1. Which one is surrounded by the fewest Cβ atoms within 10 Å (Cβ to Cβ), of the residues in region 102-153 that are among the aliphatic types (A, V, I, L, M), in contact (Cβ under 8 Å) with a residue 40 or more places away in the chain and within 17 Å of Asp168 (Cβ to Cβ)?
2. Of the residues that sit in region 179-189 and are of a type in the set (Gly, Ala, Ser) and surrounded by fewer than 18 Cβ atoms within 10 Å (Cβ to Cβ), which one is nearest to Glu127 (Cα to Cα)?
3. Going through region 154-178 one residue at a time, which ones are among the hydrophobic types (A, V, I, L, M, F, W, C) and either surrounded by 12 or more Cβ atoms within 10 Å (Cβ to Cβ) or touching a residue at least 24 places away in the same chain (Cβ under 8 Å) (or both)?
4. With respect to Phe146, determine if the residue is touching a Lys or Arg at 6+ places or on another chain (Cβ under 6 Å) and in the same structural domain as Arg178 (by TED's automatic domain parsing).
5. Say we look at region 124-164 and pick out the residues that are basic (Lys, Arg) and under 22 Å from Val84 (Cβ atoms); which of these is farthest from the chain's Cα centre (by Cα)?
6. Has region 102-118 got any residue that is closer than 15 Å to His136 by Cβ, part of a loop (DSSP other than H, G, I, E, B), in contact with a helix residue (DSSP H, G or I) (Cβ under 8 Å, 6 or more places away or on another chain) and assigned by TED's automatic domain parsing to the domain that holds Ser134?
7. Looking only at region 119-167, how many residues end up being assigned to a strand (DSSP E or B) and not aromatic (Phe, Trp, Tyr)?
Amino acid sequence: MMTIRRDNPVDAGSRRVTRSNERVQRMHSRTERTMAEVHATKGAAGKGGRSTATKSRGPLGAAKPVLLAGGNPQIEKADGDAPVQAYIAAMPGWKRDVGRRLDRLIARTVPGVRKAVKWNSPFYGIEGRGWFLSFHTFTNYVKATFFQGTSLRPVPSGGKAKEARWIDIHENDLDEARLATWIRQAAALPGWGKS
């Protein structure tokens, strides 16, 4: 049997290493349990699905989208009207009404418009010609971006990007006539990316 002397620095170092190894093993065990829970939840959501474990649930048990910085809803990337409507429904307060009005105005102005949610923002485009407009929720406004904004007349005031221009829409600040003019012009131009 080996006797450990307290004044022996090698033995004291061994005890520190052993305690450190035990802590690492406990952390590993907790991490493995957590990762197993994440994978189990992800598996239930389908391949590449997002966990709904941390999302709040309403009275009927449906997951509510997480609101990111500025109140922007986190909506999974998808094509079609349904994810755009989910985004709009999750917009906080008065911004939801702005989102609904924008969506209706775009659909009315450009019949057959293609819709999608990308990068937590609704996108609008023409099939095979690209995206012409997107909007995004911020704390004090909703930003509508025209990807070929420098080609619009009059040019929207926001932005200094090479081609894109945007407007910030505040509460009770939606000029539908001006927006409809820009939407018509933007839809007639080649769009951004692939729609």
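The values are calculated or read from the model by the stated rules, or taken from the named source; none is laboratory data. All figures in this text were calculated on a predicted structure; none of them were measured in a lab. Ideal geometry is used to build each Cβ from the backbone, glycine not excepted, and the neighbour counts take in all protein chains shown.
1. Leu105
2. Ala188
3. Val155, Ala161, Ala164, Trp166, Ile167, Ile169, Leu174
4. yes
5. Filtering first and then ranking leaves Arg129.
6. no
7. The number of residues fulfilling the criteria is 16.
Listed here are the residues, each with its yes/no results for (1) on the phi < 0 side of the Ramachandran plot; (2) out of contact with any Gly (no Cβ under 7 Å at 6 or more places or on another chain).
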site	(1), (2)
Asp79	yes, yes
Val84	yes, yes
Ala89	yes, yes
Arg96	yes, yes
Leu105	yes, yes
Lys115	yes, no
Trp119	no, yes
Ile126	yes, no
Ser151	yes, yes
